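The structure appears right after this line, and notes come after that.
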Amino acid sequence: MVSVDNWKYNRCMRAGLTLKISGTVQGVGFRPFVYRLASELKLPGQVYNTTYGVCIELDGEDQAFVNFVDRLIREKPEHAVIKNIEKDGCAAHGYSEFKIGESKPGTKIEAGLLPDLALCEDCRRELFDPADRRYLYPFINCTNCGPRFSIITALPYDRCNTSMKNFIMCPACMAEYHDPGNRRFHAQPNACPECGPHVTLFSNHGERISTQADAIDRAVNLIRQGGSIAVKGIGGFHIMCRADSPDAIRRLREKKHRPAKPLALLFPDLKHVSECCIITDAEQRLLLSAAHPIVLLRKKEALSGRIHESVAPDNPYRGVMLPYAPLQHVLMQKLGQPVIATSANLVDETICIADEEVFSRLTTVVDAVLSHDRPIVRHADDSIARIFQDEPIVLRGARGYTGALLQSKVASAPALVALGGAVEKYILN
Ligand SMILES: [Zn+2]
Ligand SMILES: [Zn+2]
C-alpha cells in the first residue's frame with residue numbers, strides 16, 4: 001500500500017528525518033509501537049499526533065532510517081492503516097533520546113477516525129481473573145481494544161478529546177499509561193474501578209436503583225424474570241430480554257411497533273452459538289473479528305426451542321453476535337443464556353445514546369435501564385454481516401466499521417460517498 005520507491009538518503013552519517021504519516025494511525029497503539037521500534041534501533045527523536053495523523057522525527061544514519069521505515073510498514077499494529085508517508089530529510093534535530101511528544105495542531109485534518117474495537121483476548125482474561133485489579137470491571141480496555149469512534153469529540157485522538165476527559169487517571173493507571181512496556185502505554189480510555197466510569201441501574205422513569213456490581217446482578221435478575229432492560233453499550237443502548245420467552249418477545253414487539261422484523265441475539269460465547277446455529281470457520285472468524293458484527297447464521301432446527309421462533313418468524317437465519325463491550329461480557333457470563341439485544345429505539349427513530357433519551361422515549365418499552373457515566377459521543381448501531389462464498393459481506397457497516405478507511409481495489413476510482421440504510425431494510429425484511 002505504501003510506496004518506498006525513490007527512498008534515497010543523500011547524506012551519510014548522522015542526519016535528520018521527518019516522516020508525516022496519514023491514515024488510521026491514532027488510537028491503534030501506533031505511537032507506542034513507534035517508540036519501541038525507534039528505541040530498539042537506537043534512533044533518538046520523537047513521535048506525536050497531529051490533525052493529519054502522526055509525525056515522526058528521527059536522528060541517525062541512513063541505513064538505520066531505511067530499516068526503520070521498512071519495519072514500520074511491515075510490523076505496524078494490527079489495526080493501523082498507513083495511507084501515505086511523506087518524508088523529508090534534513091539536518092539532525094539534536095535529539096539524545098526517543099520520546100512520545102505532545103500532540104500538535106496541523107493545518108489539514110486527515111487523521112482517520114478509528115472504529116470501536118471489541119474487547120481483546122488479553123483484557124478478557126484480566127476481566128475474569130479474580131486476582132486482577134480490574135476483575136469484572138466493565139470498562140477495561142487497552143491500546144488494542146475499546147471504544148474509539150463513539151467517544152472521540154475531536155482530533156488528534158488524545159484523552160482530552162474524548163468523553164473520558166473528565167475521568168482523571170489514578171496513580172496505577174497513570175503508571176501503565178507512561179510505561180513503554182505496558183499494554184496500556186498511551187491507551188487513551190485507560191481506566192480502572194478507582195478512577196473510571198461505573199454502571200448504575202435506573203427505573204424506567206430515571207430513579208436510581210443501584211450501582212456497580214449490584215446493579216448488574218439486579219439487571220440479570222430482571223431479564224431472567226422476563227423483563228426488558230435498556231443496556232448502554234458502545235454506540236448506543238440495546239433493549240435486552242429473554243430469547244426463549246414468547247411473552248417477553250411479544251411484549252417487546254408490541255411496544256417497539258415491530259411486529260415481525262428479525263431481532264438480533266447476543267450469546268454468552270461461541271459454545272452457546274454452536275448449540276443453536278450452524279457455524280463455519282469463516283463465520284466464526286467474522287463473529288470474533290475486531291468489529292464483532294451481527295452475523296447471519298443458519299439456525300439449527302432441532303434446538304430452536306432455546307431461541308423462540310418469534311425472534312425471527314419464518315426465517316432460516318438468526319442475527320447473532322457475541323459480547324464486544326466488557327459490560328456485555330460480565331452481563332452475559334452471569335446470565336449464561338442467549339438474549340435478544342435489539343437497538344433501543346422505536347421504529348424509524350435513531351438509537352438512544354443518552355439516559356434522558358431512554359427515559360423520555362422508551363419509558364413504556366423497558367422495565368429498567370442499566371447505564372453508565374461514560375458519555376457516547378455519536379451513534380453507532382450494530383453492524384450486520386454474513387459470509388458468502390467464504391468471504392465476509394457487510395450488509396450494514398456501522399459500529400466496528402464506521403471510521404475505518406476503506407481502500408478501493410481500483411486504483412483510479414473516484415472518491416465516493418455512500419449514505420443510508422436501504423440495504424439493511426432490503427436484507428432483513
Ligand atoms: Zn485490550
Ligand atoms: Zn485507575
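For the residue pair residue 348 and residue 250, what label-to-label distance in nm results when each label sits 7 Å from Cα along the Cα-to-beta-carbon direction?
Roughly 2.7 nm, to one decimal.
Take 257, 308, 93 and order them by how many other Cβ atoms sit within 10 Å, fewest up front.
257, 93, 308
Using label points projected 7 Å from each Cα along Cα→Cβ, tell me how many nm separate residue 288 and residue 129, to one decimal.
Output for this residue pair reads 1.9 nm.
Just subtract the alpha-carbon distance of residue 179 and residue 78 from 0.36 nm times their residue separation and send over the number in nm, one decimal.
Extra length available between residue 179 and residue 78 comes to 34.3 nm.
Is the stretch 255-332 best put as rounded, prolate or oblate by its Cα gyration tensor, with a ≥ b ≥ c the root eigenvalues, rounded for a/c under 1.5, and otherwise prolate when a/b is larger than b/c, oblate when not? Working shown, then result.
Working: a/c = 1.69, a/b = 1.25, b/c = 1.36.
Oblate.
Grab the beta carbon distance between residue 66 and residue 160, set R0 = 35 Å, and tell me the FRET efficiency rounded to 0.05.
So, using R0 = 35 Å, E works out to roughly 0.45.
For residue 213 and residue 257, FRET efficiency with R0 = 41 Å and r from the beta-carbon atoms, rounded to 0.05?
Approximately 0.75, to the nearest 0.05.
Hand me the GluC sites (Glu not before Pro) from the stretch 151-209 located in a DSSP loop with no more than 13 other Cβ atoms within 10 Å, in residue order please.
Filter output for the stretch 151-209: 194, 207.
Using DSSP, restrict attention to beta bridges with both residues in the chain and report what percent are antiparallel, rounded to the nearest 5.
80
For the chain, what does -39500 (n - 2.57) per DSSP helix run (n ≥ 4), summed and divided by total residues, give at 222 nm, in deg cm²/dmol to the nearest 500?
My calculation for the chain gives -7000 deg cm²/dmol from helical runs alone.
Full-extension gain between residue 306 and residue 409, please, as 0.36 nm times their residue separation minus the C-alpha to C-alpha distance.
On the way: separation 103, 0.36 × 103 = 37.08 nm, distance 4.25 nm.
This chain segment gains 32.8 nm when fully extended.
Would you mind ranking 277, 160 so that the residue whose beta carbon has the fewest other beta carbons within 10 Å leads the list?
If I rank by nearby Cβ atoms, fewest first, I get 160, 277.
When you count, for each residue, the other Cβ atoms within 10 Å and take the mean per peptide, how do 339-345, 150-156, 14-20 rank with the highest first? Could you put the intermediate results ahead of the total?
Numbers: 339-345: 25.1, 150-156: 20.0, 14-20: 18.3.
Result, highest mean Cβ count within 10 Å first: 339-345, 150-156, 14-20.
Counting only C-alpha contacts under 8 Å and six or more residues apart, can you give the relative contact order of the chain as a whole percent?
17
Say the cut-off is 24 Å between C-alpha atoms; which of 83/165; 261/300; 232/334; 76/165; 104/409 go over it? Working shown, then result.
Working: 83/165 29 Å; 261/300 19 Å; 232/334 17 Å; 76/165 27 Å; 104/409 33 Å.
Among 83/165; 261/300; 232/334; 76/165; 104/409, the Cα-Cα distance tops 24 Å for 83/165; 76/165; 104/409.
Once phi is turned into θ = phi - 60°, what whole-Hz ³J(HN,Hα) does the Karplus curve with 6.51, -1.76 and 1.60 give for every residue of the stretch 307-324, x standing for Gly and Pro?
10, 5, 4, 5, 5, 8, x, 6, 10, x, 10, 10, x, 10, 9, 10, x, 10
In whole Hz, with x marking every Gly and Pro, tabulate ³J(HN,Hα) for the stretch 237-242 from phi via Karplus 6.51 cos²θ - 1.76 cosθ + 1.60, θ = phi - 60°.
Along the stretch 237-242, the couplings run 7, 9, 9, 10, 7, 4 Hz.
Lys and Arg at +1, Asp and Glu at -1: add these up for the other residues within a Cβ distance under 14 Å of residue 152 and post the number. Don't jump to the answer; show the numbers that get you there.
Details: positive: 148, 159, 165, 374, 378, 399; negative: 116, 158.
Net local charge, residue 152 excluded: +4.
Taking the stretch 275-348, which GluC sites (Glu not before Pro) meet the DSSP loop condition and have no more than 16 other C-beta atoms within 10 Å? It would help to have the intermediate numbers written out before the result.
Values: sites: 275, 283, 301, 309; in loops: 301.
Counting only loop positions with at most 16 other Cβ atoms within 10 Å, the GluC sites (Glu not before Pro) in the stretch 275-348 are 301.
In the neighborhood of residue 277, defined by Cβ-to-Cβ distances under 9 Å, what is the net charge if each Lys or Arg adds +1 and each Asp or Glu adds -1?
+2
What is the dipole size for the chain, taken about its Cα centre, with +1 at each Lys and Arg Cβ and -1 at each Asp and Glu Cβ, in debye to the nearest 20? Display every interim value, and only then the final one.
Working: 52 positive and 49 negative charges, 91 e Å.
In total the dipole reaches around 440 debye.
Since every read-out is calculated from the coordinates, none of them should be taken as a lab result. Source: prediction; values computed, not measured. Using ideal geometry, Cβ is built from the backbone for each residue, glycine included, and neighbour counts are taken over all protein chains shown.
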